[in-house]
Each structure stands twice: as C-alpha cells, then as structure tokens.
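Beneath this line is the structure, given in structure tokens, with notes to follow.
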Amino acid sequence: MLIHPNFDPVVFSVGPVAVRWYGLMYLAAFAAFWWLGLARIRAGLAPLTRIQFDDLLFGGILGVILGGRLGYVLFYKPAYYLSHPLEIFAIWQGGMSFHGGFLGVLLAMVFFARRHRLAWLGVMDFVAPLVPLGIAAGRLGNFINGELWGRATDLPWGMVFRGAGALPRHPSQLYQFALEGLALFALLWWFSAKPRPRGQVSALFLIGAGGFRFVAEFAREPDDFLGLLALGLSMGQWLSVPMIVAGIWLFGWSRRTR
C-alpha cells in the first residue's frame, strides 16, 4: 500500500497571486502542443503555415478553457449551476470536463478552418497528434492535487488519498496519464508520420481517446454526486461511447472516399 505524497497545490506565491500546479500543467499542455506543431510544420506535414498556426493555437486555448468549463457545467452539475450561475465563472474552484474541452476545440477549429479557407478534417488530422501530451499533463495535475482518485483496491500499488478515506485506491489519474496521454500520443504520432487518407488520423484519435477513457473509468471512482448511471457505467464512459462510434464511422468513411 502506498500513501499519496499530498503535494501542496500551490507551487509558489507572490503577494496575493498563487501559482498552482494545475495551472502549470495547462501551460505545459499548450507548450507541448506548440512545440509539436512547429515540428510538424518544419517537416512539411502540416496543412497550414507558421503564421496560421499561431491563430490555431489561440483558438484551441479558448476552446479548451471555455468548452471544458461549460462541458462540466452542462454534463455534470446543470441543476447546481442553474441555481448558482455566477459560479460558472469560478474556474479556480475546479470543474473542467475533457469531453467539453474536446467539443470546444472542435468548434474552434471549425471557425479557424472557415476563416483561413482550409479543409476542416485536414486541420483536425494535424491537431489530433498534438493533443495527447496535453491530456497527460492534465492527468498529472489531477494526481498532484490528489483529486479524481480511483476505486478501492487491494493491489500492491493501491494508494491512500487524503479525503478519500482509509482504503487504498487505484491511482486512476496515472492510468489515464499512461493511456490517454502517453500511449495515445505514441499511437497517433506513429500513424500520422506518413500521409493518410483525410479523416483517418482524427478517427483514430476518437477511437483511442474514447476507448482508453472508457477502460480507465472502470478503475476511477464515479463522481459522488452522480454515481454510476445506466448499465453500471459512469458519466465519463457514456460520454466516451459517441466518440468511439463516431471514430469507427469516420475511419470507414475515410477508407471508402480516399
């Protein structure tokens, strides 16, 4: 049995301003996206220019933050935020949804592609391999904060988290770090290293991100205000199902229309 290190969520403070680990993880995510995107542009594997990429990054940041927050509000606590609408803007209190952020980025890329007269699927094929390391950074932030822990387990790497009782639990944040982050990045970076029919890289992202999240949710403790839903699945799993189905359809469509 292991004990969570109980990191201080605040890295350092300057007067009233506190720099938190979770915020640094967001910065790391955007930095990884920027660095990998430039590498793809230099290698001639991008459908856009260096200047257009700056615009894309700005739109992606807005999509992640606004979509992630609104997704949490709508998917997880709609009744609460309907009664406390001003708290929607209190992002520092926590509450971001991966699926909401994903939808936010999709919408941001629609506007970007139309503005620059680029093929939307081509843009998404470029973006998809740049995302998983950002997901990994977010999950590492969850682990440092000691939040979103897993279900109780008797495995030797079970970990006791502050605020989660005395039972050891799956460090499910690290499972998601490894699956949705590192494994998905390796798969997409390899698959997109040579030309593919338009839409296939995006399809693989949908299947991989949705599938890995679905599997990892079996080890993650369901949100206490939701519990398990129909068929004993969590909200995260139900939100992942449409991603997997859409990815399978898109992969087949791409093969037929190549």
**OP:** Give the long-range amide H neighbours of ARG20: residues separated by 5 or more places, or on another chain, with amide H under 5 Å away, using H modelled in the peptide plane at 1.01 Å from N.
**Re:** VAL11
Subject >> For region 126-258: rounded, prolate or oblate by the Cα gyration tensor [a/c cutoff 1.5] >> reply: prolate
Subject >> Residue order, fewest to most beta carbons within 10 Å, for ILE135, ILE88, ILE51 >> reply: ILE51, ILE88, ILE135
Subject >> Cα principal axis extents for the chain, largest first, Å >> reply: 54, 47, 38
**OP:** Extending each Cα 7 Å along its Cβ direction at PHE58 and LEU155, get the distance between those two points in nm, one decimal.
**Re:** 4.4
**OP:** On a C-alpha basis, how far is the centre of region 51-109 from the centre of region 216-250 in Å? Whole number, if you could?
**Re:** 19
Subject >> Student exercise, region 127-256 dipole from Lys, Arg, Asp, Glu Cβ charges, in Debye to nearest 20 >> reply: 660
Original post:
Amide H to amide H, which residues 5 or more places from MET159 or on other chains are under 5 Å from it, using H placed in the peptide plane?
Top reply: LEU2, ARG169, HIS170
Original post:
DSSP beta bridges in the chain, what fraction antiparallel, as a percent rounded to 5?
Top reply: 80
Original post:
Sorting VAL160, VAL123, VAL10 on the 10 Å Cβ count, fewest up front, what's the list?
Top reply: VAL10, VAL160, VAL123
Original post:
What does the helix-only formula give at 222 nm for the chain: each DSSP H stretch with n ≥ 4 adding -39500 (n - 2.57), the total divided by the residues, and the result rounded to the nearest 500 deg cm²/dmol?
Top reply: -18500 deg cm²/dmol
Subject >> Residues of region 188-216 with amide N under 14 Å of the 7 Å Cα→Cβ point at ALA43 >> reply: 188-196
**OP:** Starting from the Cα of LEU167, step 7 Å along the direction of its Cβ; do the same at LEU229; then give the gap between the two resulting points in nm.
**Re:** 2.3
**OP:** Would you mind ranking ARG213, ARG115 by Cβ crowding within 10 Å, fewest neighbours first?
**Re:** ARG115, ARG213
Original post:
With +1 on each Lys and Arg Cβ and -1 on each Asp and Glu Cβ, how big is the dipole of the chain about its Cα centre, in debye rounded to the nearest 20?
Top reply: 1100
Subject >> Modelled FRET efficiency - R0 35 Å, ALA119 with ILE248, Cβ distances, 0.05 increments >> reply: 0.95
Subject >> Separation of the ASN6 and TYR80 label points, Cα + 7 Å toward Cβ, nm >> reply: 2.4
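Any read-out appearing in this document is the output of simple, stated calculations on the displayed coordinates, not a laboratory observation. The structure displayed is predicted, hence computed values, not measured ones. With ideal geometry, Cβ positions are generated from the backbone for all residues, glycine too; neighbour counts draw on all protein chains shown.
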